[in-house]
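The values are calculated or read from the model by the stated rules, or taken from the named source; none is laboratory data. Everything quoted here is computed from the prediction, not taken from an experiment. Every residue, glycine as well, gets a Cβ built from its backbone with ideal geometry; the counts of neighbours run over all protein chains shown. Please note that ligands, DNA and RNA were not included when accessible areas were found on the heavy atoms of the full protein model with its side chains. Shrake-Rupley method; radii C 1.70, N 1.55, O 1.52, S 1.80 Å.
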Amino acid sequence: MMKDLHGYNLKGHNTFGMDVNCRRYIEFSTVDELRHVVNSLSPEDEPLLFMGGGSNLLFTKDYCGTVLHSSIKGHHATRMDGNIFLRCGSGEVWDDVVRLCVDNGMYGAENLSLIPGEVGASAVQNIGAYGVEAKDLIEKVEAVDVKTGEVCEFSNSDCEYSYRWSKFKGEWRGRYVITYVTYRLSDTFVPHLDYGNIRSELEAKCINSPTVSQLRDIIIEIRKAKLPDPAVEGNAGSFFTNPIVEKGKYEELVSRFGKVPHYTVDGGREKIPAGWMIEQCGWKGKSLGRAGVHSCQALVLVNRGGASGAEILKLCDAIRNDVKLRFGIDIVPEVNVI
């Protein structure tokens with residue numbers, strides 16, 4: 001059933017736990033409901049905010065517009081020539097989908113275990129972890145055009161995915177509300193073990209050839225050890241994207257700082273962990289007022305208790321300034337600041 005609420009509190013809808021209100025909150029559970037909503041919106045409802053699980057947002061004040069949230073549920077799998085096409089409602093919790101895949105012999109999403117958020121956001125943000133990105137799995141995206149109310153369908157290539165990016169974040173921002181995402185999975189398990197400390201954690205448990213369930217379990221263990229529970233300390237996971245720099249810049253850093261952790265993107269570019277740079281600047285575990293940097297993962301900013309969005313943003317700016325001064329690299333927030 002559709003919800004249409006005014007003066008709605010969003011504290012329970014953002015993982016930073018910011019106590020803010022929106023002017024209007026609309027939650028829809030079918031495509032028809034969404035089409036009715038967008039066709040009835042007026043200029044007074046603007047600006048619009050398309051919200052998923054609120055795990056990638058930082059509210060700095062009340063939202064003076066309308067929040068649209070999908071509660072479209074359901075999933076359906078079609079098997080064809082070794083591929084499995086899994087169509088999921090945009091309101092499904094992402095990790096529930098990963099669990100479904102692991103439990104039912106649909107392989108490819110297991111490295112994305114325990115990433116917070118919902119299915120719709122996976123297609124907007126191109127979520128990723130441990131060497132896998134949503135773009136590696138997405139077959140097509142279905143959406144409703146806010147301007148016309150028409151149902152649209154986009155292929156993977158239409159969305160122009162790149163690192164934590166899609167056209168839904170750029171040219172199409174504010175234009176389309178995602179309703180369904182179809183993922184292309186495999187009926188053959190090919191584990192990806194060479195990113196981060198997956199292999200070493202498996203070896204510590206004397207596991208050389210993990211099952212998909214064992215791989216999912218180890219990734220969940222790693223994430224829980226590194227990332228704080230939003231119910232305990234409000235956070236949005238990784239606050240910054242890892243910058244991609246030219247090879248020459250990477251070599252300059254090596255000449256200045258010695259060994260620099262990196263992941264090769266291609267022949268001319270390297271990805272540098274933003275968390276490592278933040279830690280080198282002395283921020284890991286430190287606080288600025290009621291906002292802080294997580295003690296186990298410097299990429300995560302946390303609400304120590306009662307922090308405002310402005311306080312989190314002040315900490316963000318201080319960290320960015322220090323990283324820029326020390327490394328000559330501008331780290332960019334992954335979190336959407338509202």
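Below is a table of values for the structure above.
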{"item": "Dipole axis of the range 1-152 (+1 Lys, Arg; -1 Asp, Glu on Cβ), positive-most option in 97, 48, 31", "result": "48"}
{"item": "Cα-derived Rg to Rh of the range 1-129, Kirkwood definition", "result": "1.02"}
{"item": "Förster radius 51 Å - calculated FRET efficiency between residue 205 and residue 337, Cβ distance, rounded to 0.05", "result": "0.80"}
{"item": "Karplus-derived 3J(HN,Hα), 6.51/-1.76/1.60, for each residue of the range 182-190, Hz, glycine and proline x", "result": "10, 9, 9, 10, 10, 8, 10, 7, 10"}
{"item": "Within-15-Å neighbourhood charge of residue 140 [Cβ basis; K, R +1; D, E -1]", "result": "-2"}
{"item": "Using θ = phi - 60° and Karplus 6.51 cos²θ - 1.76 cosθ + 1.60, couplings along the range 60-69 (whole Hz; Gly, Pro as x)", "result": "9, 6, 4, 9, 8, x, 10, 9, 10, 10"}
{"item": "Residue 255-residue 42 pseudo-label distance in nm [points 7 Å out on the Cα-to-Cβ vector]", "result": "6.4 nm"}
{"item": "Solvent exposure, largest accessible area first (probe 1.4 Å, DNA, RNA and ligands not counted), of 269, 24", "result": "269, 24"}
{"item": "For residue 152, distant residues with modelled amide H under 5 Å away", "result": "143, 144, 145"}
{"item": "The range 66-224, dipole about Cα centre (Lys/Arg Cβ +1, Asp/Glu Cβ -1), debye to the nearest 20", "result": "300 debye"}
{"item": "Dipole magnitude (debye, nearest 20) for the chain, charges at Cβ of Lys, Arg, Asp, Glu", "result": "980 debye"}
{"item": "Heavy-atom accessible area ranking, 1.4 Å probe, most first, across 281, 22", "result": "281, 22"}
{"item": "Listed residue pairs exceeding 29 Å between alpha carbons, taken from 61/284; 73/271; 61/135", "result": "73/271; 61/135"}
{"item": "Cut-off 14 Å (backbone N to label point 7 Å along Cα→Cβ of residue 167), residues of the range 129-143", "result": "140-143"}
{"item": "Residue-normalised accessible area of the chain, given per residue in Å² at a 1.4 Å probe", "result": "46 Å²"}
{"item": "Difference of contour (0.36 nm per residue) and Cα-Cα distance, residue 64 to residue 93", "result": "7.8 nm"}
{"item": "The chain: calculated mean residue ellipticity at 222 nm from DSSP helix runs of at least 4, using -39500 (n - 2.57)", "result": "-7500 deg cm²/dmol"}
{"item": "Distance between the range 145-187 and the range 240-277 - C-alpha centres, whole angstrom", "result": "30 Å"}
{"item": "At least 24 Å along the helix axis (C-alpha) and Kyte average at least 0.0, DSSP helices within the chain", "result": "309-327"}
{"item": "All-pairs Cα distance distribution in the range 137-259, expressed in whole percent, bin size 10 Å", "result": "10, 22, 29, 29, 8, 1"}
{"item": "Total formal charge among the other residues, if their Cβ is under 10 angstrom from that of residue 99, Lys/Arg +1 and Asp/Glu -1", "result": "-3"}
{"item": "Formal net charge of residues neighbouring residue 311 (Cβ-Cβ distance under 12 Å; K, R +1; D, E -1)", "result": "+2"}
{"item": "Cα gyration tensor category, rounded, prolate or oblate, for the chain with a/c compared to 1.5", "result": "oblate"}
{"item": "Phi-based couplings in Hz for the range 113-127 (Karplus 6.51, -1.76, 1.60; Gly and Pro marked x)", "result": "4, 6, 5, x, x, 10, 4, x, 5, 4, 7, 7, 8, 6, 4"}
{"item": "Proximal aspartates and glutamates to residue 247, defined as alpha-carbon separation beneath 14 angstrom and excluding residues fewer than eight positions away on the same chain", "result": "266, 270"}
{"item": "Rough spin-label spacing in nm, given labels placed 7 Å along Cα→Cβ, for residue 310 and residue 214", "result": "5.3 nm"}
{"item": "Among 182, 278, 156 - extreme Cα towards positive end, dipole of the chain, charges at beta-carbon", "result": "278"}
